[in-house]
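Read-outs throughout are calculated quantities, based only on the coordinates presented, and are distinct from any laboratory measurement. Since we're looking at a predicted model, the values are computed, not measured. No Cβ is skipped: glycine too gets one built from the backbone with ideal geometry, and neighbour counts run over all protein chains shown.
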């Protein structure tokens with residue numbers, strides 16, 4: 001996609017931000033959920049699907065893209081689309097449907113990475129507010145939706161082809177090889193830039209160092225395995241690239257806020 005196309009998307013998003021918006025659908029579900037519709041279909045509202053875990057092929061009339069961890073795709077109202085989940089992965093998504101007053105139009109879908117986790121944070125708040133339905137929840141939901149669209153607009157306005165290409169290569173390499181012993185040397189070779197240049201570009205776009213992103217990715221995959229598999233904590237740590245169980249536990253607690261054992265207990269209590 002050319003820089004001009006990114007700015008066109010940003011301009012289109014600007015018209016939605018100033019319109020009255022209503023949440024029509026919101027759910028968080030896994031790959032086994034009956035919510036999925038794997039046939040070609042459309043909606044009478046804007047649909048946003050955020051991949052917390054998993055990998056999927058998305059097909060529309062104009063493109064075919066692969067979505068993975070921290071990716072989000074947006075379907076305009078009435079756009080035909082079809083999802084196909086990669087069975088090798090466990091899946092978890094947050095999906096929301098938003099209706100805008102005046103029915104502003106976009107011609108095609110678009111997708112973007114959420115490498116800082118900001119969009120995920122707001123989508124999780126939308127889901128929690130919808131579920132709890134406390135006082136002023138509708139006002140809060142509207143402000144969160146607007147924040148998501150503002151973050152999307154900022155991403156497309158600040159798009160830099162050079163940075164985005166290098167970061168994309170890096171994140172794809174990590175996602176495909178996170179179980180291996182990944183080093184800055186191996187990543188810089190794949191990305192075809194020096195380690196120092198890669199570090200500057202990656203931090204500028206994501207707000208994280210390359211190694212921080214690697215650890216975040218590994219921990220997200222471990223959370224999925226704890227939720228959906230029968231492996232023990234030590235096995236799971238090894239499966240996602242942590243050869244030292246103590247280091248895995250320490251990194252998990254640093255990122256998630258609790259130990260993997262306590263996280264497992266919380267899952268069992270649900």
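Side notes on the structure shown:
- Rounded to 5, percent antiparallel among DSSP beta bridges of the chain: 100
- Rough spin-label spacing in nm, given labels placed 7 Å along Cα→Cβ, for residue 268 and residue 15: 5.4
- Each of 30, 185, 244 has some number of other Cβ atoms within 10 Å of its Cβ, and from fewest to most they run 185, 244, 30.
- Its relative contact order, with pairs defined as Cα atoms under 8 Å and 6+ residues apart, puts the stretch 3-157 at 31 percent.
- Computed on the Cα atoms alone, the convex hull of the stretch 3-157 gives a volume of 108 cubic angstrom per residue.
- Only helices enter the 222 nm calculation for the chain: every DSSP H run of n ≥ 4 contributes -39,500 (n - 2.57), and dividing by all residues gives -16000 deg cm²/dmol, rounded to 500.
- Each Cα pair under 8 Å and six or more residues apart adds its sequence gap; the mean of these over the residue count of the stretch 161-269 is a relative contact order of 22 percent.
- Value of relative contact order over the chain, rounded to a whole percent, pairs C-alpha under 8 Å and six or more apart: 18
- On the beta carbon distance between residue 229 and residue 82, with R0 = 30 Å, the FRET formula returns roughly 0.60.
- Here the spin labels are modelled as points 7 Å beyond Cα on the Cα-Cβ line, and at residue 200 and residue 132 they lie 4.4 nm apart.
- By the count of other C-beta atoms within 10 Å, a proxy for reagent exposure, 204, 146, 130 are ordered fewest to most as 204, 146, 130.
- Projected label distance in nm at residue 63 and residue 160, using a 7 Å step from Cα toward the beta-carbon: 2.2
- Extension gain for residue 209 to residue 172 (0.36 nm times residue separation, less C-alpha to C-alpha distance): 11.8 nm.
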